[in-house]
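First up is the structure itself, then whatever we jot down about it.
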Amino acid sequence: MVHGDMAALPQQDIPVSVFAEQMVDAVDGTDFSDVCFVLSDGFSVYAHKAMLVSRSDFFKTIFEGMRLLLMKTLLTAGAHSLP
């Protein structure tokens with residue numbers, strides 16, 4: 001086969017990729033998402049904190065603040081249960 005001679009290659013049917021569709025289903029789905037945004041019209045958008053935080057300082061600040069508040073709440077609740 002001479003380089004660039006495409007006629008010598010066997011013809012193959014290349015399946016249509018469904019990767020993009022699978023990613024949309026995985027990202028905006030309830031199975032593995034760990035955060036849900038409910039919009040004013042009641043529509044829900046599911047997401048993944050790791051993806052949001054890796055791409056947005058805004059979400060990083062929001063989720064870090066929530067984590068710190070939860071830790072403070074748990075520590076405060078734990079202090080009340082001490083003898």
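The slack between Q11 and S44, meaning 0.36 nm per residue of separation minus the straight C-alpha distance, is 7.4 nm. Phi angles across the range 61-75 convert, under the Karplus curve 6.51 cos²θ - 1.76 cosθ + 1.60 with θ = phi - 60°, into 3J(HN,Hα) values of 5, 4, 6, 5, x, 5, 5, 5, 5, 4, 4, 4, 5, 5, 5 Hz, Gly and Pro given as x. With R₀ fixed at 25 Å, the C-beta to C-beta distance from I62 to V27 puts the FRET efficiency at about 0.85. Mean sequence separation of contacting Cα pairs (under 8 Å, at least six apart), scaled by the length of the range 17-80, corresponds to a relative contact order of 19 percent.
Coupling constants for the range 45-60 follow from the phi torsions by the Karplus curve (6.51 cos²θ - 1.76 cosθ + 1.60, θ = phi - 60°), and in residue order they are 10, 8, 8, 10, 3, 4, 5, 5, 5, 5, 10, 8, 5, 4, 5, 4 Hz; glycine and proline get x.
Can you tell which of F63, A47, F32 lies farthest toward the positive end of the dipole of the range 17-80, using +1 and -1 charges on the Cβ of basic and acidic side chains (Lys, Arg; Asp, Glu)? Comparing the listed Cα positions along the dipole, F63 ranks first. Database remark: amide H of V35 closer than 5 angstrom to the amide H of A47, K49 (H placed geometrically; neighbours at sequence offset of 5 or more, or on other chains; Pro and chain starts carry no H). Of the trypsin sites (Lys or Arg not before Pro) found in the range 41-72, no site is in coil according to DSSP while having at most 15 other Cβ atoms within 10 Å of its Cβ. The Cα-based radius of gyration and maximum Cα-Cα distance (Dmax) for the range 17-80 are 15.5, 56 Å.
Readers should treat all values here as calculations from the given coordinates under stated rules, not as data from a laboratory. These figures come from a predicted structure and were not determined experimentally. Don't worry about glycine lacking a Cβ; one is built from the backbone with ideal geometry, like all the others, and counts go over all protein chains shown.
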